[in-house]
Structures are given as C-alpha cells and as structure tokens.
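Notes for the one structure printed next.
The values are calculated or read from the model by the stated rules, or taken from the named source; none is laboratory data. Note that this is a predicted model, so its numbers are computed, not measured. We place every Cβ from the backbone using ideal geometry, glycine too, and count neighbours over all the protein chains shown. Each accessible area value is taken on the protein alone, full model and side chains, heavy atoms only, with ligands, DNA and RNA left out. Shrake-Rupley method; radii C 1.70, N 1.55, O 1.52, S 1.80 Å.
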Amino acid sequence: MDQVELTKAFGTIFAIMNPFTNLPLFLALTTGLSVADQRTLAVKITVFSAVMCAVILLAGQAIIGFFGITVDQFKIAGGAVLASIAWSMLHGESISPHHGSDEEQGHMRDLSGLAFYPITFPMIVGPGTIAALIVYAGHASDAGTLAAIGAIVGVILIMLFAVLFFAAQIGRLLSDTMRVITTRLMGMILLAISVEMIVAGAIVLLPGLAAGSG
C-alpha cells in the first residue's frame with residue numbers, strides 16, 4: 001500500500017470516526033454529567049475504541065474468512081455501507097446504520113454503560129468503521145503496512161480523545177455552520193472512496209467488467 005492509499009485510508013477512517021461529527025451526540029448523551037464525568041468517559045471511550053479497532057485489524061480477516069467471505073466481497077458490502085453513511089452525511093440525515101435506530105437511541109439513555117454502548121459502539125466503531133478497517137487491513141501486504149494503518153487509527157483516536165476530553169469547551173466554540181460544512185465535506189470524500197471500493201471489488205469478482213471497459 002503506497003502513500004496515496006494510506007492517505008485515502010486516513011480520509012476514509014477519519015470521515016467515519018470524525019470526532020467533530022460525534023461531538024454533538026456525545027454532548028447530548030452526557031447531558032447532566034459534570035465535566036469530570038465527561039472526561040472520565042472520554043478516557044474509557046478512547047480505550048474501548050482502541051481495543052475494538054486493534055481486534056478488527058488483527059482478526060477481521062480471520063473472522064470474515066470463517067464465514068467464507070473474501071476481502072473483495074467484503075469490499076463491495078463495506079463500500080455499500082460507507083456509501084449509505086456518506087449519503088446521510090451529505091443530506092444532513094441521521095446515520096442510522098452507524099449511530100443506531102431511533103428506538104435503540106431511546107433505550108440507550110436508560111443505560112449506565114455509556115462509555116461502551118452506545119458511544120464506542122455503534123457511534124464510533126460501528127459498521128462503517130469495521131468495514132473500512134477490514135478492507136484496508138486486507139490491502140496490507142506486510143506487517144509494516146498493517147502497522148501504518150494502526151498508526152493512522154491511533155492518530156484519529158488521539159484526536160477523538162482530545163475532542164471528547166474538551167467537549168464542553170469545544171461545543172461552545174464550534175458553530176452549527178462549521179459542523180454542517182465539515183459533515184458535508186467528509187460525506188463527499190467518503191462517498192467517492194466508497195464508490196472506488198465497490199468498483200475495485202466488482203472488477204475482481206466480475207473480471208468481465210474490466211475486459212469490457214478496456
């Protein structure tokens with residue numbers, strides 16, 4: 001995986017796990033909590049997210065292989081999930097595949113384990129994140145490349161931790177307009193990358209497509 005692919009990986013994973021997109025949801029779910037409690041949650045969320053991402057990167061291939069699914073098949077399915085998320089981001093709609101349904105979110109407010117559910121899963125490490133990590137891990141040809149993807153995830157998690165740790169202060173500074181612009185931009189980038197993933201997977205599974213285009 002070259003520098004361009006690693007840059008795309010960063011763009012994809014950041015667009016899905018975007019700390020600034022998840023900030024309003026974090027603030028809404030922690031309404032009534034003190035700043036100290038919010039910061040404790042920020043630490044736990046970062047740890048849980050890091051563990052989940054590490055497991056997916058290291059064992060994701062084996063998990064889909066157990067079910068007889070190839071990386072290229074998962075690339076198409078994952079691309080479709082990412083496209084759905086990107087489309088919702090572009091239209092300012094609730095991202096139900098990633099953040100849960102209205103019924104699930106209503107039940108979430110009654111749970112004490114906010115750190116893991118629903119904030120870590122499915123808000124941050126949801127279907128889109130899982131699909132992207134498995135696909136990019138499948139592109140890794142050696143341990144060095146896999147470590148580079150892990151480093152990308154690590155950088156994003158550090159950014160996520162910083163945003164959530166200072167959520168109260170950032171929430172007051174980040175205007176609705178800035179959040180809308182960021183969400184739309186990330187949605188467009190994510191949609192373009194998801195289309196590329198679907199096409200790349202389809203060409204491998206349906207070689208006639210490549211022959212026909214030639």
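To the nearest 10 degrees, how steep is helix 3-17 against the longest Cα principal axis of the chain, on a 0 to 90 scale?
Relative to the chain, helix 3-17 is tipped by roughly 40 degrees.
Can you compute the label reach from ALA151? Point 7 Å from Cα along the Cβ direction, backbone N cut-off under 20 Å, restricted to region 1-23.
Hits in region 1-23 for ALA151 at 20 Å: 1-15.
Give me the percent of Cα-Cα pairs in the chain that sit more than 21 Å apart, rounded to a whole number.
Tail of the P(r) past 21 Å holds 55 percent of the pairs.
List the relative contact order of the chain as a percent without decimals, with contacts defined as Cα pairs under 8 Å and 6+ residues apart.
Answer for the chain is 43 percent.
Ignoring ligands, DNA and RNA, what percent of the accessible area of the chain is carbon or sulfur (1.4 Å)?
The nonpolar share, carbon plus sulfur, comes to 70 percent.
Report the one residue of VAL71, ALA59, VAL204 whose Cα lies farthest in the direction of the positive end of the charge dipole of the chain (charges on C-beta: Lys and Arg +1, Asp and Glu -1; origin at the Cα centre).
Working it through, the farthest residue towards the positive pole turns out to be ALA59.
Nearest 0.05, what FRET efficiency do LEU205 and ALA143 give at R0 = 25 Å with Cβ-Cβ as r?
Once the sixth-power term is evaluated, E becomes 0.35.
With a/c under 1.5 counting as rounded, go ahead and sort region 128-211 into rounded, prolate or oblate using the C-alpha gyration tensor (a ≥ b ≥ c being the square roots of the eigenvalues; past the cut-off, prolate if a/b is larger than b/c, else oblate).
Verdict is oblate for region 128-211.
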